[in-house]
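The values are calculated or read from the model by the stated rules, or taken from the named source; none is laboratory data. None of the values given here were measured: they were computed from a predicted structure. Don't worry about glycine lacking a Cβ; one is built from the backbone with ideal geometry, like all the others, and counts go over all protein chains shown. All accessible areas refer to the heavy atoms of the entire protein, side chains included, with ligands and DNA or RNA removed. Shrake-Rupley method; radii C 1.70, N 1.55, O 1.52, S 1.80 Å.
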Amino acid sequence: RSPRASARSGSAGEAAGGLGRSALKELASRHGIRPTKRRGQHFLADPNLARAIVADADVHEGDLVLEVGAGLGSLTVPLAEAGCRVLAVEVDRGLANALREVVAPYPNVRIEVADAMRLDWPSMLGAGRWSMVSNLPYNVSVPLVLELLETAPAIDRYVVMVQREVGERLVAGPGAEGYG
C-alpha cells in the first residue's frame, strides 16, 4: 500500500486524510531517511495538527503557497487537499524523492529541490500574492524568514512553525534578551 493509503486506513496514530506517524515511518524506512541534526530536520507526524495549521493559515483553493522544508509531505498533503497551488522547496534529495511519491496524486504541487537560502525568490515566486506555510528546519528558520521579509514582497502572509527559542527571537523587541 502507498503511505497515503496506509494513512487513510485508520492505523493506530493516524487520522483519515493525512500522514500519521506509522505511515511516515514506513515511507522514511523505504527511502532510507533519518532526520539529520545538521539540516535541522524535524518531521510533523500529527495529521490533525497539520490540518489545523492549514486552517489557521486561512488558505483556500487556488491560493499560492510556499512551503520550505516540505520533508515527507505532512503539511504538503493537507495544503494540496485544500486546493492550494503549492511550491514545496526541499534541499534533501532523498526527502524530495519520498515527497514526489506522496504528492504524485496532486497536480497542484510543484517540488523544487534547492537550498532555500540560495534561491532567487523574486524570480522563483514571480507575480502574484503568496502565503508561506512551513514547518521550518531549525538551522535556517531565522535567516530564511528575515531574507524573505526583505527580498520577497510577493509573500504577504507567514504561518511558520519554529522551535520556541526561534519564535522568541523573532518576536523580541529592542533591549529584550533574545533580540538580535
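Looking at the range 81-180, the DSSP beta bridges with both ends there are about 0 percent antiparallel.
To the nearest 20 debye, what charge dipole does the range 67-128 have about its Cα centre, counting +1 at the Cβ of each Lys and Arg and -1 at the Cβ of each Asp and Glu? Please report the intermediate quantities before stating the final value.
On the way: 5 positive and 8 negative charges, 23 e Å.
Dipole size: approximately 120 debye.
How fast does the range 119-180 diffuse by Stokes-Einstein, in µm²/s, taking the Kirkwood radius from C-alpha pairs at 20 °C and 1.002 mPa s? Before the final figure, lay out the partial values.
Numbers: Rh = 12.6 Å.
My calculation gives 171 µm²/s for D.
Solvent exposure of ARG30, expressed as accessible area, is near 120 Å², computed with a probe of 1.4 Å over the protein chains only.
As a length-normalised measure over Cα pairs under 8 Å and 6 or more apart, the relative contact order of the range 43-84 settles at 55 percent.
Quick one: Cα convex hull volume of the range 55-106, Å³ per residue?
On the way: hull volume 3.2 nm³, N = 52.
Expressed per residue, the convex hull around the Cα atoms of the range 55-106 is 62 Å³.
Just report the Cα centroid separation between the range 129-143 and the range 60-111, whole Å. Answer, in whole Å: 14. Close amide-amide hydrogen proximity is noted between VAL109 and VAL86, each under 5 Å apart and 5 or more residues distant or on a separate chain (H modeled in the peptide plane; Pro and chain starts excluded).
Database remark: amide H of LEU64 closer than 5 angstrom to the amide H of ARG85, SER131 (H placed geometrically; neighbours at sequence offset of 5 or more, or on other chains; Pro and chain starts carry no H). Just so you know, the Cα atoms of the range 47-180 work out to an Rg and Dmax of 14.5, 49 Å. Ordering TRP121, VAL133, PRO105 by the projection of their Cα atoms onto the charge dipole of the range 98-180, which places +1 on the Cβ of Lys and Arg and -1 on the Cβ of Asp and Glu, puts PRO105 at the extreme positive end.
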